[in-house]
1. Can you pull the mean other chain C-beta count within 10 Å for peptide A:336-347?
2. Roughly how far apart, in whole Å, are the Cα centres of the stretch A:468-484 and the stretch A:109-161?
3. Computed FRET efficiency, Cβ-Cβ of A:Ala96 and A:Asn252, R0 35 Å: what is it to the nearest 0.05?
4. Suppose R0 equals 30 Å. What FRET efficiency, 1/(1 + (r/R0)^6) with r the Cβ-Cβ distance, do B:Ile51 and A:Asp420 give to the nearest 0.05?
5. From the backbone phi of the stretch A:349-361, what are the Karplus-calculated ³J(HN,Hα) couplings (6.51 cos²θ - 1.76 cosθ + 1.60, θ = phi - 60°) in whole Hz, Gly and Pro given as x?
6. Calculate, in whole percent, how much of the Cα-Cα pair population of the stretch A:205-301 lies beyond 20 Å.
7. Enumerate the helices in chain B for which the Kyte-Doolittle hydropathy averages 0.0 or more and the C-alpha atoms extend at least 20 Å along the helix's axis, using complete DSSP H runs.
8. Which of the DSSP-defined H helices in chain A satisfy a minimum axial length of 18 Å, computed from C-alpha atoms, and a minimum mean Kyte-Doolittle hydropathy of 1.6?
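Any read-out appearing in this document is the output of simple, stated calculations on the displayed coordinates, not a laboratory observation. Quick caveat: nothing in here was measured; it's all calculated off a predicted structure. Positions of Cβ are generated from backbone atoms using ideal geometry, with glycine treated the same way; all protein chains shown enter the neighbour counts.
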Amino acid sequence: MSETISPATGSIILSSFRTITLVLFLTACESPETRVASGNKTGTLHWGNGTEPQSLDPHIATGVPEHHIISALMEGLVRKDSNTLEPVPGVAESWAISEDSLVYTFRLRPDLKWSNGDALDAHDFVWSWWRALQPALGNLYAYMYFPIANARRYYEGKLTEFDEVGVKALDKLTLQVSLENPTPYFLQLLDHYSMFPVHQATIENFGKADQRGTRWTHEGNMVSNGPFKLKKWSINREIIVERNALYYDNANVRLNAIVYYPIENGTTEERMFRAEQLHYTNDVPIDKIETYSNKKAHSLRINPYLGTYYYRLNTRVEHLQNKKVRRALALTIDRERLTKHVLKGRQIPAYAMTPPDTKGYFPPVSLEFDPEKARELMALSGYPNGKGFPPTEILYNTNEAHRKVAVAIQQMWKKHLNIDVSLINQEWKVYLDSETSGDYQISRAGWIGDYVDPNNFLDMFICEGGNNRTGWCNTEYDRLVLEEAPRGETDEERFDIFRKAETILMDELPIIPIYTYTSKNLVHASVKNLDPNILNQPSYTQIYLEGETD
Amino acid sequence: MNSEKRFIGTFEKGSSLWGDAWVRLSKNKLALAGLGLVIFFCGVSFLTPWIAPYGYEEQNLVLGASPPSSQHLMGTDIFGRDLLTRIMYGGRISLFVGFIATAVALVIGISWGAIAGYLGGRVDAFMMRVVDILYALPFMIFIILLMVVFGRNILLLFFAIGAVEWLTMARIVRGQVMSLRKQEFVESAYAMGLPRHIIIIRHIVPNALGPIIVYATLTIPNVMLLEAFLSFLGLGIQPPQSSWGLLINYGVETMEEYPWLLIFPGLALSLTLFALNFLGDGLRDALDPRTSID
């Protein structure tokens with residue numbers, strides 16, 4: 001999923017002063033009890049969630065903040081163990097896989113209910129998946145369905161009958177899914193929100209099934225099947241979800257409510273955490289990492305995170321069409337220094353798109369830090385010592401950490417290639433728009449794994465990929481990723497093919513990998529059972545709060 | 001010119017407004033110190049490219065943020081860039097935006113307010129409604145629109161800020177002018193047949209200078225902070241360039257870890273503002289034609 005504002009420290013002088021005053025004011029006169037203290041009593045988790053969600057419709061959302069909320073509201077056939085990330089039963093209590101790994105038969109739990117009391121059965125899944133594949137809906141994650149037989153053809157309009165797509169409700173409690181190819185990570189996909197069930201009657205009540213942005217996800221309207229249900233949505237203030245008493249495992253859910261705060265400014269978030277207004281922060285400002293690592297209370301948690309921070313190069317821009325120029329730019333980023341001295345969060349320098357050791361896959365490495373060679377390449381491309389290199393811009397979404405990375409890289413390119421690069425920042429939604437419409441030259445990007453398989457990092461760069469956005473298109477790459485890899489019988493076979501594909505990607509370099517993420521959060525001591533995992537996906541059904549222990 | 005034949009006037013030379021003002025100003029020590037400081041800051045800013053100890057974009061990532069030392073008098077920021085150098089370069093932008101934008105606001109505000117106040121009647125009503133409408137526009141949206149139309153150009157940014165800062169000025173001037181235009185000296189000027197624009201420029205505006213100058217000294221810090229705000233939104237100056245407002249903005253975030261990143265730019269900005277305030281105070285007293293010279 002696209003990483004929205006990961007390391008957020010952006011501060012706007014006026015508004016940050018205002019927020020600080022507001023926070024101080026709230027702390028001062030709300031009550032002597034902090035939000036954390038009262039939350040611990042009532043079982044309310046106060047969660048810093050980064051940014052305001054784009055949508056709570058699982059077929060429209062694409063980001064990490066949306067994921068946190070939707071995963072509390074809804075549940076798919078399968079869940080992931082929050083520690084090992086292995087599939088565990090969700091809505092389906094069991095499943096059987098055919099010998100050729102092509103047919104999955106799911107047995108749903110009996111007596112499942114939506115949050116409004118309606119019965120939930122296998123037909124709801126068929127309808128939801130039909131909706132997800134409606135082109136008019138503009139679901140950016142439609143390609144998650146492509147492992148299912150005929151789903152791609154249906155989505156592309158080559159098939160008109162949904163009956164031919166490999167998903168059938170054999171009876172109310174049995175759902176059968178046929179795949180195009182054996183897809184070892186298929187069970188993992190089912191825990192992604194794009195495959196969650198949605199409530200047909202509610203959606204149709206507020207508009208057409210394939211209509212975007214209807215009011216069905218609003219407060220008071222939304223019906224869902226997860227451990228929590230939507231109680232309140234105040235835009236740019238908070239989203240409150242409360243216990244869903246009709247959830248099948250309600251007895252084991254320990255939190256009564258979760259409040260999500262869209263705090264984009266990392267400094268503000270950190271201050272709120274310090275004032276005990278938050279149990280959990282979405283991120284930690286770069287400059288605070290050291291301070292918190294030296295503190296006695298172990299609130300700082302840094303964990304490996306399956307995600308890559310990279311720069312997109314718009315290959316439709318004339319001077320970036322040249323492969324040598326792209327390589328020269330990639331060769332002159334000193335990733336070691338950047339991660340060690342600028343980011344300081346134990347990030348790992350990235351020399352390929354897929355993070356190393358993704359399910360045992362190690363990407364081929366052909367990049368390095370080599371300014372000498374980069375200068376040669378620039379000279380060969382007609383820009384000796386940077387002479388005549390057209391003005392180039394790096395686009396990033398307004399955020400302190402992105403700015404820091406960009407400032408450092410700007411200077412590295414100036415120093416090693418003698419080219420002038422300027423920086424532009426845009427607000428998140430404007431930035432997304434510029435990126436999708438190709439109105440940029442170089443833009444920063446981040447990709448966080450949706451599931452643990454190299455496929456998740458490589459299939460986004462296919463020609464038609466909604467998350468490609470670089471204009472880069474290579475038919476051999478598409479063939480390897482879309483046709484060859486899914487046919488691989490074992491992981492070793494598939495990984496060999498992925499390595500071939502990634503070699504092409506890293507030779508062509510429509511993107512410049514920069515570093516592999518780490519997740520950095522501040523967690524209050526009262527939060528228990530929050531297991532770390534490389535997808536940084538919390539399991540809200542397990543978390544519980546406990547009064548002060550220290 | 002032949003000095004021997006120099007004619008020595010026998011009549012007393014009338015003292016000019018500016019001459020008087022200078023005499024009065026030079027007696028105000030605080031104002032003089034302020035003037036000196038402003039000139040000093042402007043001089044340093046002007047000479048920065050030649051006298052700055054380092055390049056403003058020169059990074060030393062391994063060094064990182066280091067406290068003041070003999071090599072870096074004001075320490076370095078997280079990229080290992082020399083803070084003194086960055087404050088000097090930042091001052092260029094901040095002082096420039098402060099003076100240009102305020103000058104733009106002054107010119108538009110004074111002429112608009114003086115004309116409206118002097119002419120009165122329908123013209124006044126119309127002109128003030130225009131001001132009201134511009135007031136009612138959300139200020140940020142207005143300035144962002146201006147930036148979108150003008151494009152990303154520093155000089156235009158200055159004008160855009162000035163173009164929204166003149167509203168209050170116009171109101172202040174109008175109020176002053178309305179009370180002045182009924183006074184005897186204006187009527188006598190009118191009776192002598194002076195054209196309107198001369199009356200406004202020679203007789204009315206100088207009498208309204210006090211509040212104008214006070215307001216102008218308040219506008220300068222305002223626009224400096226506004227520039228930082230706009231730059232943060234991506235509408236103003238962009239890294240690696242910087243301004244005092246931006247340096248302070250970044251400094252605030254790390255004030256616990258690296259206090260010098262906040263203290264020095266803050267010091268530069270507040271010293272300038274103090275100097276401007278003292279100077280403005282002195283100028284107000286000095287330029288008031290109602291106080292006669294001794």
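1. Numbers: counts 1, 3, 1, 0, 3, 10, 6, 0, 2, 0, 0, 0.
Mean inter-chain Cβ contacts per residue within 10 Å come to 2.
2. Centre-to-centre (Cα) distance: 25 Å.
3. Numbers: r = 26 Å, r/R0 = 0.73.
For R0 = 35 Å, the calculated efficiency reads 0.85.
4. Numbers: r = 24 Å, r/R0 = 0.79.
After rounding, the FRET efficiency stands at 0.80.
5. Values per residue, Gly and Pro as x: x, 10, 10, 8, 6, 7, x, x, 6, 6, 6, x, 8 Hz.
6. Taking all Cα-Cα pairs of the stretch A:205-301, the fraction more than 20 Å apart is 55 percent.
7. Details: long enough: B:29-51 (31 Å, 1.82); B:83-119 (52 Å, 1.55); B:121-136 (22 Å, 0.84); B:154-180 (39 Å, 1.51); B:209-232 (34 Å, 1.58); B:260-287 (39 Å, 1.29).
Within chain B the helices that satisfy the rule are B:29-51, B:83-119, B:121-136, B:154-180, B:209-232, B:260-287.
8. Working: long enough: A:13-29 (24 Å, 1.77); A:400-417 (25 Å, -0.56); A:491-508 (25 Å, -0.89).
Span-like helices in chain A: A:13-29.
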